[in-house]
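Only one structure is covered here, and it is reproduced in the block below.
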Amino acid sequence: MGTPRCGRCGSRLVSRDPKSISRVWAWWALGVMAYIPANVWPMLNTRTLFTVQESTIIGGAVELLLDGNVGISIIILVASVGIPIAKFVCIAFLAMSVRGGSRTSPELRMRLYEIVEYIGRWSMIDVFVVAILASLVQLNVVANIDPGSASLAFALSVIFTMLSAQAFDPRMIWDGIEAEARTHA
Amino acid sequence: MPDGTILIAGTTLDGLIACPECDALYRAAEVPPGQRAACARCHTVLISPRRHAGMAIIALALTAVVLVIGALWFPFLRIEARGLWQEATLWNVATSFVGGPLVVVSLAVTVAIVVLPLLRAMLTLYTLVPIVFDRPPRPLAGRAFRLAEAMRPWSMAEIFAIGCAVSLVKIADLAQVTLGAAFWMFAGLVVVTVAQDQLVDRWSVWRSISPN
């Protein structure tokens, strides 16, 4: 027979997947690993008439800040540094919290999970910006922008982290309270 | 026993609804249009019927298809510097990472901003058009709708629109930048996608795909 499937939509039916947490950690580790080169390698190579410039994610944001574009620089910093790091911390926390009894309430952890799931995709902004700039700024000698290798590492990091969040089964957050209620009863 | 009805301990599963996020089980109530039923435990919206939502969703999905296809061919940004100019269409963006492993990024960008929004709109049409026009649902409607739902986080048109705005500022001092027609199409796509997600009531859709 194989795995039971939903008669309506054909999706795999499983009450609690014991491998769920392992998959969360596997994708999580890949995401963290890809995030390191994403910050070290150059994101953009800008060539103007007399200068060649390689900028990393943080370097690019700092440059924008110094140019006076505070708003945009904050968007980039939040999307490319703040969100990914917050995501790593939150997913690790959630995965650890379902193991043993967590003192944080399920309501709060559920909220956290929803935020992580919703916000993760917004990190892709920087990859899109690189793609747009690289396709647009091809003015021969005057100005030329080419994508750097960090764009690949960064895109992979975002994708891996999204997969990690999706591998997490939020129902596990609530299993704890039922077990707790049973012991108290 | 009618086909598709499951019996557990003598009760049918008809009329029961499990919260997809936290697994709490409820007896589904008849929710009047315009109101929402949410999970008492984790506040996930479970049922949210709207009057005439089907027709509106079809109209929005069609609009999304037109906008994505249109945006492919029009330039969305144009730059000018020292007499040289360059325009970029989505096609240029998709093929901007040429050579080497960066092609993967190109592929990911294309899938996220063109392929998935388009596919999602078409799957929604495939699922909903027969239902709204009172025809029997298509044979693969269930799978199509599940796929469309699974694609939701990966379809990133709205993020791309913000990316356009950021790029605009980034190169403002390098060259003179103007927004093209495709940018406004993408801005429209964002509105359409958000409106569509607000209107879709999963409970009603699933119930109409398979009544039992």
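Taken together, the residues in the range B:146-188 that are more than 11 Å from every other protein chain (Cβ to nearest Cβ) and part of a strand (DSSP E or B) amount to 3. For the range B:69-97, a residue qualifies if it is buried (at least 24 other Cβ atoms within 10 Å of the Cβ) and either more than 8 Å from every other protein chain (Cβ to nearest Cβ) or assigned to a strand (DSSP E or B) (or both), and the qualifying residues are B:A71, B:F76, B:L77, B:I79, B:A88, B:L90.
Residue count for the range A:94-113 satisfying the condition of being touching a residue at least 12 places away in the same chain (Cβ under 8 Å) and either touching a strand residue (DSSP E or B) at 6+ places or on another chain (Cβ under 8 Å) or in a helix (DSSP H, G or I) (or both): 8. Among the criteria (1) in contact (Cβ under 8 Å) with a residue 40 or more places away in the chain; (2) in contact with a Leu (Cβ under 8 Å, 6 or more places away or on another chain); (3) of a type outside the set (K, R); (4) over 28 Å from A:V158 (Cβ atoms), the one B:L84 does not fulfil is (1). For the range A:127-151, the set of residues classified as at the interface with another protein chain (Cβ under 8 Å from one of its Cβ atoms), over 11 Å from B:S96 (Cβ atoms), more than 18 Å from the chain's Cα centre (by Cα) and of a type in the set (A, V, I, L, M) consists of A:L139, A:V142, A:A143, listed by residue number.
Checking each residue of the range A:10-20 against the condition of being assigned to a helix (DSSP H, G or I), in contact with a helix residue (DSSP H, G or I) (Cβ under 9 Å, 6 or more places away or on another chain), of a type outside the set (K, R) and within 11 Å of chain B (Cβ to nearest Cβ) gives no match.
Bear in mind these aren't lab numbers, they're just calculated from the coordinates by the rules spelled out. Please read all numbers here as calculations on a predicted model, not as lab measurements. A quick note on method: Cβ atoms are made from the backbone with ideal geometry, for glycine too, and the neighbour counts reach across all protein chains shown.
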